[in-house]
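**Student:** The structure is given below, and queries will be raised subsequently.
The values are calculated or read from the model by the stated rules, or taken from the named source; none is laboratory data. From a predicted model like this one, the values you see are computed outputs, not experimental measurements. Cβ placement follows ideal geometry from the backbone for every residue including glycine, while neighbour counts extend to all protein chains displayed. SASA here: full protein model, heavy atoms, side chains in, ligands and nucleic acids out. Shrake-Rupley method; radii C 1.70, N 1.55, O 1.52, S 1.80 Å.
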Amino acid sequence: MERRRVIEWLALPSAAVAALLVGAVMIAALGASPITGYRALVTGAFGGSYALGATAVKAVPLLLVGVGICIAFRANVFNIGGEGQIAMGGLAGTATALAFPGLPTPVLIFLVLLAGAVGGGIWGAIPGAFKAYFNVNEILSTIMMNLVAVQLMNYLLAGPMVDKTSGSVGGLIPQTRLLSRHSWLPIIVPGTQLHLGVLFSVLVAVAAYFLLWHTSFGFRVRAVGLSREAATYAGMPVRRTITLAMALSGATCGLAGSMLVFGSISHRMVTDGSLTGFTGSAGFNGIVVALFGGLNPLWTILSAFVFAGLLVGGTSMQVVTGVPSDLIVALNGLVVVFVVAIEYTRRRARIADAAARTAAPEPEQAPPEHAVAGAGVEERT
């Protein structure tokens, strides 16, 4: 038992170290110094207040998507549609800001974040309902929903929501006009990019943890994830629980979309015609963050900050060493490989321990003291 606990504690850090070691070999193969590269990466991500602020802001969408992945996974469904849900959340929040630009700042910020959560939640609930009521594979349906989302986003940003102000370029760029200042997320630390969304995303992660492990709904989600048959036998609403879990997962991804719009430097929604042009691949990187965080919302906070540091520091590493920043994408993939491999090893160890406990003979129980005393009396008699 103690050995297993040590393995569980060291599993995820070991995966990160192994990925960095392989990454060092890749940097050396490209003709650069791994020490110089990693020093530039750490300095670019954590070397100063501005770098820390940029890393924290980069972590916001990763954390929110990662929390959504944790919620869906606990119900044993896999949300691969984070990219589309981010886009729908961004569109819903942007439409709200365009419709009510004159509202007071606290009210408008609340409404745009709420609209983002609703937009992403609806987009996540659709494949969730397909899975729950028609047993449609959620991996395929969420990916297909991503394709629908990118077409809808391109249509809206190039048509009804396109920037038509005098300073625009005649609608050649798929973007909205500058959004109302009342919708901008306030900067917490002057001189940095650190905005209110950073604290809000951490609160969402903490709330998700308490939802999953300290509420009856969270118990139902985890019970359905462990065994839908047992949950059905216990009288739990399995289909509704799966749909709600996917809706909540989509809602956190939709919040990430709102954060990307209203916490950005441009303060408008803009893309290059692809989902990645708006999301920055946060929908897929958030899956890596959730896996590295052990699918626990609290550990996902630290995981998101670490992976955001890799993404932000990767630019500095590219400048200093000349190594392509795509190496960071490779490092993310290596982390996934090692995490999955270690999780497989941990699962095999748990199965072996359970088999050993089942096969071990039960110790013989000593007879009660009064029975021993009675036998002694009979012998003397």
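**Student:** Compare the Cα positions of A251, L178, T279 along the charge dipole of the range 51-320 (+1 at Cβ of Lys, Arg; -1 at Cβ of Asp, Glu; about the Cα centre) and return the one farthest towards the positive end.
**Tutor:** A251
**Student:** With Cβ to Cβ distances under 14 Å as the rule, what net charge do the other residues near M145 carry (K, R +1; D, E -1)? Don't skip to the end; give the middle numbers.
**Tutor:** Working: positive: K131; negative: E83, E138.
Result for the local shell: -1.
**Student:** Determine the gain in length on full extension of the stretch S266-M144; use 0.36 nm per residue of separation and subtract their C-alpha separation, reporting nm with one decimal. Don't skip to the answer; put the middle values down first.
**Tutor:** Values: separation 122, 0.36 × 122 = 43.92 nm, distance 2.96 nm.
Using 0.36 nm per residue and subtracting the Cα-Cα distance, I get 41.0 nm.
**Student:** Per residue, what accessible area does the range 2-85 have, given a 1.4 Å probe and all protein chains present, in Å²?
**Tutor:** Details: 3680 Å² over 84 residues.
Computed with neighbouring chains in place, this is 44 Å² per residue.
**Student:** Among the chymotrypsin sites (Phe, Trp or Tyr not before Pro) in the range 72-145, which ones are in a DSSP loop with at most 10 other Cβ atoms within 10 Å of the Cβ? Mind listing them?
**Tutor:** Numbers: sites: F73, F78, F110, W123, F130, Y133, F134; in loops: F78.
Qualifying residues, ordered by number: none.
**Student:** What ranking of L244, L260 comes out by heavy-atom accessible area, probe 1.4 Å, highest first? Don't skip to the end; give the middle numbers.
**Tutor:** Values: L244 80, L260 45 Å².
Accessible-area ranking of L244, L260, largest first: L244, L260.
**Student:** Report relative contact order for the chain in percent, whole number only (criteria: Cα-Cα under 8 Å, sequence separation at least 6).
**Tutor:** Working: 629 pairs, mean separation 123.6, N = 381.
Relative CO of the chain lands at 32 percent.
**Student:** Same structure, new question: For the chain, count all C-alpha to C-alpha pairs, find those more than 35 Å apart, and express that count as a whole percent of the total.
**Tutor:** Numbers: 24664 of 72390 pairs.
Of all Cα-Cα pairs in the chain, 34 percent lie more than 35 Å apart.
**Student:** Charges at C-beta only: +1 for Lys and Arg, -1 for Asp and Glu. How large is the resulting dipole of the chain about its Cα centre, in Debye rounded to 20?
**Tutor:** Details: 22 positive and 15 negative charges, 130 e Å.
Result for the chain is approximately 620 debye, rounded to the nearest 20.
**Student:** What angle do you read, to the nearest 10 degrees and between 0 and 90, between the alpha-carbon axis of helix 282-292 and the longest principal axis of the chain?
**Tutor:** Roughly 20 degrees, rounded to the nearest 10.
**Student:** Cα centroid distance between the range 61-85 and the range 151-220, in Å?
**Tutor:** Here the answer is 17 Å between Cα centres.
**Student:** T315 accessible area, nearest 10 Å², 1.4 Å probe?
**Tutor:** Per-residue accessible area (T315): approximately 80 Å².
**Student:** Report ³J(HN,Hα) in whole Hz for each residue of the range 340-357, in order, from the Karplus equation J = 6.51 cos²θ - 1.76 cosθ + 1.60 where θ = phi - 60°; Gly and Pro get x.
**Tutor:** Once θ is set to phi - 60°, the couplings for the range 340-357 become 5, 5, 5, 4, 5, 5, 5, 5, 4, 5, 5, 5, 5, 5, 5, 5, 5, 5 Hz.
**Student:** Calculate for the chain the 222 nm mean residue ellipticity that helices alone would give, adding -39,500 (n - 2.57) per DSSP H run of length 4 or more and normalising by residue count, nearest 500 deg cm²/dmol. Let's see the in-between values first.
**Tutor:** Working: 15 runs with 283 residues, N = 381.
Taken over the chain, the calculation gives -25500 deg cm²/dmol.
**Student:** Would you check the accessible area of Y155, probe 1.4 Å, heavy atoms only, in square angstrom rounded to 10?
**Tutor:** The value for Y155 is about 140 Å².
**Student:** Still on this model: Could you derive backbone 3J(HN,Hα) for the range 153-165 from the dihedral phi with the Karplus parameters 6.51, -1.76 and 1.60 (θ = phi - 60°), listing whole Hz in sequence and x where the residue is Gly or Pro?
**Tutor:** Residue by residue, the range 153-165 yields 5, 4, 5, 5, 6, 9, x, x, 9, 5, 6, 10, 6 Hz.
**Student:** So how tilted is helix 49-74 from the main axis of the chain? Cα-based, degrees 0 to 90, rounded to 10.
**Tutor:** In the chain, helix 49-74 runs at an angle near 50 degrees to the longest axis.
**Student:** Count charges around W213 for me, please; just the other residues with Cβ under 11 Å from its Cβ, Lys/Arg as +1, Asp/Glu as -1.
**Tutor:** Numbers: positive: R74, R222; negative: none.
Neighbourhood net charge equals +2.
**Student:** Same structure again: So how do I143, I27 rank on accessible area, 1.4 Å probe, biggest first, that is with the largest at the start? The partial results should precede the final answer.
**Tutor:** Values: I143 75, I27 0 Å².
The most accessible residue leads, giving I143, I27.
**Student:** Which one, A32, L327, A97, projects farthest toward the positive side of the charge dipole computed for the chain from Cβ point charges (K/R +1, D/E -1)?
**Tutor:** Of the options given, the answer is A97.
**Student:** Once you list every other residue whose beta carbon is under 13 Å from the beta carbon of A97, what net charge do they have if Lys and Arg are +1 and Asp and Glu are -1? Working shown, then result.
**Tutor:** Details: positive: R177, R181, R268; negative: none.
Net charge in that neighbourhood comes out at +3.
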